[in-house]
Amino acid sequence: MEALPYDRIAAEYDAHWSVHVADPQVRLTEQLRLASGLRCADIGCGTGVDTVDMLKRVTPGQVLAVDPSRAMLAVAAQRARQAGLALETLCASAEEFVQRSPEHGFDVVTLRFTLGYLDWRAALPRLARQLRPGGRLGILTILASSAPQAYAVYGEMVRELNLPAVALSGAPSVTQIVEQLSGCAPESTWTQSLRLRFATGEQLAQFLRESGIATHPLLAALPAPVERALWQKFAERIEAYREPGGIPLDFDLGGVVVTASK
């Protein structure tokens with residue numbers, strides 16, 4: 001995960017994204033069966049909305065909040081202080097954390113809306129090994145079938161510019177996620193649809209940028225005038241999907257909870 005775009009959007013992240021996924025986030029947390037005294041890690045914690053909820057449930061246990069964005073971690077730590085809690089933080093990407101953390105160090109590990117930034121087929125087996133025997137891993141992710149309206153417009157634009165398309169990085173299904181978690185038994189798997197509507201193409205484009213969904217090193221490397229022109233063209237083209245209630249953007253969310261073998 002690239003830290004810099006998330007540093008830029010940290011202040012508005014909750015308004016642009018967290019508010020839309022509050023229900024599935026709570027659902028995942030409930031299914032983790034958190035209890036006092038557990039040692040947890042929340043990888044890709046963002047602004048810590050759900051990290052602090054976990055910390056409240058396990059105190060005097062611990063939750064390690066992991067994120068590559070220092071700005072996101074600062075918001076998460078402040079949220080914990082406001083709740084009268086001390087949050088342990090680590091500025092690191094999910095890849096770094098998975099590669100460097102000792103095995104069997106946590107009772108609970110969560111990965112919320114971070115899977116698409118990983119080579120998930122390689123990362124998930126390593127992630128599972130960080131659980132203590134009987135520990136639980138919870139994953140909430142955007143599946144690869146999400147945002148088809150936006151991806152179709154993106155595909156048209158890169159073809160016209162004779163540029164190679166960036167492949168979708170999300171997992172196709174919760175089944176394929178579970179298949180990579182050898183040594184773990186599935187407790188719960190589920191999918192949930194989410195439809196957002198926008199009054200204008202510009203608002204939809206802004207959402208993609210300010211939610212962090214459309215972040216990529218290639219975009220960040222573009223000169224600012226070129227990036228603005230591309231987003232303006234995208235905003236114009238996405239208007240083709242307008243319906244009476246606005247321009248829709250559909251998401252398929254997947255939730256997985258597994259337990260490590262004892």
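The values are calculated or read from the model by the stated rules, or taken from the named source; none is laboratory data. The model shown is predicted, which means the values in this text are computed figures rather than measured ones. Positions of Cβ are generated from backbone atoms using ideal geometry, with glycine treated the same way; all protein chains shown enter the neighbour counts. Quick note on the areas: whole protein, heavy atoms, side chains included, nothing else; ligands and nucleic acids left out. Shrake-Rupley method; radii C 1.70, N 1.55, O 1.52, S 1.80 Å.
General observations
- Residue tally, condition touching a Ser or Thr at 6+ places or on another chain (Cβ under 6 Å), crowded, with 20+ Cβ neighbours inside 10 Å and more than 15 Å from S261 (Cα to Cα), over the stretch 114-137: 1
- For the stretch 175-195, filtered to residues that are of a type in the set (A, V, I, L, M) and within 14 Å of A260 (Cβ to Cβ), the residue that is farthest from the chain's Cα centre (by Cα) is A185.
- V63 vs. criteria of a type in the set (V, I, T), farther than 25 Å from E210 by Cβ and within 17 Å of the chain's Cα centre (by Cα): no
- Look at (1) out of contact with any Ser or Thr (no Cβ under 8 Å at 6 or more places or on another chain); (2) part of a strand (DSSP E or B); (3) within 19 Å of G116 (Cβ to Cβ) and you find that L219 fails only one, number (2).
- With respect to being without any contact (Cβ under 8 Å) to a residue 24 or more places away in the chain and over 23 Å from Q149 (Cα atoms), E179 fits the description.
- Residue that is surrounded by the most Cβ atoms within 10 Å (Cβ to Cβ) [pool: residues in the stretch 197-221 that are farther than 30 Å from E30 by Cα and of a type in the set (A, V, I, L, M, F, W, C)]: L204
- Residues in the stretch 138-164 that are part of a strand (DSSP E or B), farther than 15 Å from V108 by Cα and open to solvent by less than 20 Å² (accessible area, probe 1.4 Å): T141 only.
- Residue match in the stretch 98-106 (condition: open to solvent by 30 Å² or more (accessible area, probe 1.4 Å), under 25 Å from Q180 (Cα atoms), outside any loop (DSSP other than H, G, I, E, B) and modelled with pLDDT under 95): yes
- Criterion (of a type in the set (G, A, S), free of Cβ contacts under 8 Å to residues at least 40 places away in the same chain and in contact with an Asp or Glu (Cβ under 6 Å, 6 or more places away or on another chain)) met by exactly one of A167, A224, A235: A235
- Complete set of residues in the stretch 168-184 that are modelled with pLDDT under 95 and of a type in the set (S, T, Y): S169, S182
- Residues that are touching a helix residue (DSSP H, G or I) at 6+ places or on another chain (Cβ under 6 Å) and surrounded by fewer than 20 Cβ atoms within 10 Å (Cβ to Cβ), drawn from the stretch 237-252: R237, E239, Y241
Each row is one residue, and each column tells you yes or no for (1) modelled with pLDDT of 90 or more; (2) in a helix (DSSP H, G or I); (3) open to solvent by 70 Å² or more (accessible area, probe 1.4 Å); (4) over 20 Å from L249 (Cα atoms).
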site	(1), (2), (3), (4)
V166	no, no, no, no
P186	yes, no, yes, yes
Q192	yes, no, no, no
R195	yes, no, yes, no
